[in-house]
Amino acid sequence: MPELVVSITLFILALLIGIEVIGKVPATLHTPLMSGANSIHGIVIVGVVIVAAEANSPLSYVFIFLAAVLGTMNVVGGYVVTDRMLEMFKSDKKDKGGNK
Amino acid sequence: MTATPIDIVAWFVYVLASVMFVMGLHYMNSPKTARKGNFISAAGMVIAVAMAFIKLFVTGGYNWIAVGLLIAGIAVGAIAGVVSAKKVKMTDMPQLVSVFNTVGGGAAALVALNDILASDHTPNLVVLITAGLGVMIGSVTFTGSLIAAGKLQGIGFVKKMRLPGKSVWNVLFIVLMLASFVMLCVFPEQRLLWSVLTTVFALCYGLVFVIPIGGADMPVVISVLNACTGTAVAMSGLAIDNVALIVAGALVGAAGVTLSVLMSQAMNRPLMSVLAGGFGGSDAAA
């Protein structure tokens with residue numbers, strides 16, 4: 001039981017950090033930030049790897065393969081697309097003469 | 001459970017990755033440092049996944065079919081992810097984010113479902129509750145984000161979809177979904193039946209939740225669903241007792257909700273009225 005207690009504590013503290021860390025983000029960064037947060041939940045592939053260590057039935061083979069495809073697509077695509085969005089941002093700023 | 005040295009190393013590596021995710025999000029608050037933030041967050045992800053693989057190979061006792069499928073799946077997913085992210089037009093990016101959210105929710109639901117179904121012995125109540133919640137939330141995001149992406153893309157039949165008596169359907173599927181979830185926890189011996197029903201009803205709820213919402217409100221909806229996926233991942237993390245999934249999932253969950261509130265404020269509308277839908281009309285889509 002203590003393991004679960006620790007896990008729930010971590011969950012609650014991480015929620016608070018999540019609220020705090022997005023405090024004063026300008027409206028222009030909303031979409032990239034959403035995309036960036038979206039790639040972070042691709043951490044689920046770590047879960048897929050852990051589950052794969054114990055898999056030994058055809059059903060879980062199917063689950064693992066599908067989850068690996070979906071999770072990796074989430075994380076890899078997510079970071080690439082966020083980077084592309086932010087790259088666009090940078091050139092936007094340059095066009096404005098880089099003031100500020 | 002006694003912790004072996006590799007468990008302790010893995011724990012701290014996952015904590016390090018979580019710290020990098022928080023730093024990444026923090027840096028993304030300002031345009032100047034945003035790209036660096038994304039890079040730090042991606043590096044954290046690489047570290048976490050590498051650690052999971054190292055632990056897998058050091059611990060041993062795995063099945064080559066499972067690991068082969070795992071690696072093949074990661075390869076396919078990585079190629080699909082990079083190709084779609086590189087090819088997409090700048091204006092179509094929000095849809096793609098929604099698609100990525102769809103697949104992320106699906107992956108979280110699958111991990112949780114696997115945890116309920118795969119083991120030979122009946123899972124304990126904690127696993128049933130957390131994994132059940134993971135299945136439920138992940139499935140809702142799966143169909144919800146898919147519809148959201150379709151609406152933004154302006155796919156004809158998705159845009160035209162109407163749902164007469166939407167609140168009735170919403171309530172119906174929420175009740176059915178929660179009822180199956182409760183049955184899953186009460187009768188774990190019939191877990192195949194109840195987990196499949198929970199999944200099906202949650203998938204239906206995802207549809208009826210997003211269909212009535214206008215296309216112009218989709219970014220907010222995607223952000224809410226993004227938060228849902230984060231929560232689903234955290235629930236899967238609680239089910240398999242992994243610190244990286246719990247912390248990163250909770251982080252995205254809370255950040256996603258906060259971001260949704262900020263986004264709807266920027267549109268001068270309360271979040272609840274956006275989610276209630278039926279305003280703005282789907283023809284207002286870009």
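What follows is calculated from the coordinates using simple rules that are stated; it is not laboratory data. What you see is a predicted model, and the numbers here were worked out from it, not measured in a lab. Heads up, the Cβs are rebuilt from the backbone with ideal geometry, glycines too, and the neighbour counts pull from every protein chain shown.
Numbers at a glance
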quantity	calculated
Rg ratio (alpha-carbon, reference 2.2 N^0.38 Å) - region B:75-136	1.52
Mean shadow area of chain B over all directions, Cα convex hull, nm²	16.0
Region B:151-179-region B:33-94 distance, computed between alpha-carbon centres (Å)	32
Kirkwood Rh (inverse of mean 1/r, distinct Cα pairs), region B:1-87, angstrom	15.0
Cβ charges +1 (Lys, Arg) and -1 (Asp, Glu), total dipole of region B:90-286, debye	600
Ranking of B:Arg162, B:Arg191, A:Arg84, B:Arg269 by count of other Cβ atoms within 10 Å, fewest first	B:Arg162, B:Arg269, A:Arg84, B:Arg191
Electrostatic dipole magnitude of region A:26-95 [Cβ: Lys, Arg +1; Asp, Glu -1; Cα centre; debye, to 20]	140
Listed pairs B:Lys55/B:Lys87; B:Lys36/B:Lys86; B:Lys32/B:Lys89; B:Lys36/B:Lys160; B:Lys32/B:Lys160 exceeding 30 Å between Cα atoms	B:Lys55/B:Lys87; B:Lys36/B:Lys160; B:Lys32/B:Lys160
Inter-probe distance in nm under a simple model that places probes 7 Å from Cα toward Cβ, at B:Gln190 and B:Asn63	2.8
Space enclosed by the convex hull of the alpha-carbon atoms of region B:158-197, per residue, Å³	66
Residue order, fewest to most surrounding Cβ atoms within 10 angstrom, among A:Leu29, A:Leu13	A:Leu13, A:Leu29
Average beta carbon contacts from partner chains per residue of B:50-62, 10 Å cutoff	3
Computed log₁₀ I(q)/I(0) - Debye formula, equal Cα scatterers, no solvent, the protein assembly as shown, q 0.11 Å⁻¹	-0.72
Neighbour-count ranking [beta-carbon atoms within 10 angstrom, fewest first] of A:Leu70, B:Leu163	B:Leu163, A:Leu70
For region B:128-286, fraction of C-alpha pairs farther apart than 19 Å, in %	56
Total formal charge among the other residues, if their Cβ is under 15 angstrom from that of B:Met235, Lys/Arg +1 and Asp/Glu -1	-2
Structure-based [θ]222 nm, the protein assembly as shown - -39500 (n - 2.57) summed over DSSP H runs of at least 4, per residue, nearest 500	-26500 deg cm²/dmol
Overall Cα dimensions of region A:26-95, principal axis frame, Å, largest first	57, 17, 14
Relative contact order computed over chain B (Cα-Cα under 8 Å; 6+ residues apart), in percent	19
